[in-house]
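Here is the structure we will look at.
The values are calculated or read from the model by the stated rules, or taken from the named source; none is laboratory data. Just so it is clear, the structure is predicted and the values come from calculations on it, not from any experiment. Because the Cβ atoms are built from the backbone with ideal geometry, glycine has one as well, and the counts that use them run over all protein chains shown.
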There are 2 protein chains.
Amino acid sequence: MEIYVGYVAGMLGTVCWMPQAWKAWSSRDTSGLSLIANLLFLLTVTLWLLYGLLVTDWPLIFANGSALVIVLSIVAAKLKYK
Amino acid sequence: MEIYVGYVAGMLGTVCWMPQAWKAWSSRDTSGLSLIANLLFLLTVTLWLLYGLLVTDWPLIFANGSALVIVLSIVAAKLKYK
């Protein structure tokens with residue numbers, strides 16, 4: 001039972017920022033987004049990816065590799081439409 | 001070495017949304033925030049907290065319990081100043 005909660009949490013943590021990336025690029029309205037928060041989150045995801053690589057944990061590598069792309073696109077939108 | 005990367009990632013993942021919560025409440029500008037993304041992230045953090053409780057993992061419980069409060073405040077700001 002616990003393992004399924006963990007899997008769902010892991011997958012949801014990867015896809016949950018897709019609507020934010022979509023909103024930022026489609027509306028070009030990023031004034032309410034905190035650049036510092038998104039840069040810190042980008043660093044967080046990068047560190048989790050590094051940790052996954054160091055301990056060769058594929059679920060961590062896959063989840064954080066995907067999240068990295070999404071968060072990068074949010075940061076890019078914030079920098080472009082500030 | 002890996003363990004420190006994991007600890008830093010875990011702590012950063014908790015504090016990184018503080019600037020977003022601060023920005024949302026102080027500027028009252030939440031139009032660029034995706035409600036769906038933040039609700040999904042709230043669900044993610046809640047599931048990680050539940051997972052931590054199920055497997056009695058204190059670092060997970062502490063990190064996600066703290067994150068839950070911060071993300072709840074971002075969602076509350078979004079609902080109040082939409």
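Of note:
- Count of the stretch B:29-57 residues, restricted to those that are surrounded by fewer than 17 Cβ atoms within 10 Å (Cβ to Cβ) and touching a Gly at 6+ places or on another chain (Cβ under 9 Å), is 4.
- If the condition is being more than 11 Å from the chain's Cα centre (by Cα) and either facing another protein chain (nearest Cβ under 7 Å) or within 20 Å of B:Val8 (Cβ to Cβ) (or both), then the stretch B:41-74 contributes B:Leu47, B:Leu50, B:Tyr51, B:Gly52, B:Leu54, B:Val55, B:Asp57, B:Trp58, B:Pro59, B:Leu60, B:Ile61, B:Phe62.
- There is at least one residue in the stretch A:13-20 that is surrounded by 21 or more Cβ atoms within 10 Å (Cβ to Cβ), in a helix (DSSP H, G or I) and out of contact with any Lys or Arg (no Cβ under 7 Å at 6 or more places or on another chain).
- Residue check: A:Ala63 meets all listed conditions (1) of a type outside the set (D, E, K, R); (2) modelled with pLDDT of 95 or more; (3) more than 19 Å from B:Leu35 (Cα to Cα) but one, namely (2).
- Of A:Thr56, A:Thr46, all but one fail to be β-branched (Val, Ile, Thr), modelled with pLDDT of 95 or more and farther than 21 Å from B:Val75 by Cα; the exception is A:Thr46.
- The number of residues in the stretch B:38-48 that are in contact (Cβ under 8 Å) with a residue 12 or more places away in the chain and either among the small types (Gly, Ala, Ser) or farther than 13 Å from A:Ile3 by Cα (or both) comes to 6.
- Of the residues making up the stretch B:1-26, just one is more than 9 Å from chain A (Cβ to nearest Cβ) and of a type in the set (Gly, Ala, Ser), namely B:Ser26.
- Within the stretch B:43-57, the presence of a residue that is among the small types (Gly, Ala, Ser), in contact with a Phe, Trp or Tyr (Cβ under 7 Å, 6 or more places away or on another chain) and in a helix (DSSP H, G or I) is excluded.
- The single residue among B:Ile61, B:Ile3, B:Ile70 that is without any contact (Cβ under 8 Å) to a residue 60 or more places away in the chain and surrounded by fewer than 15 Cβ atoms within 10 Å (Cβ to Cβ) turns out to be B:Ile3.
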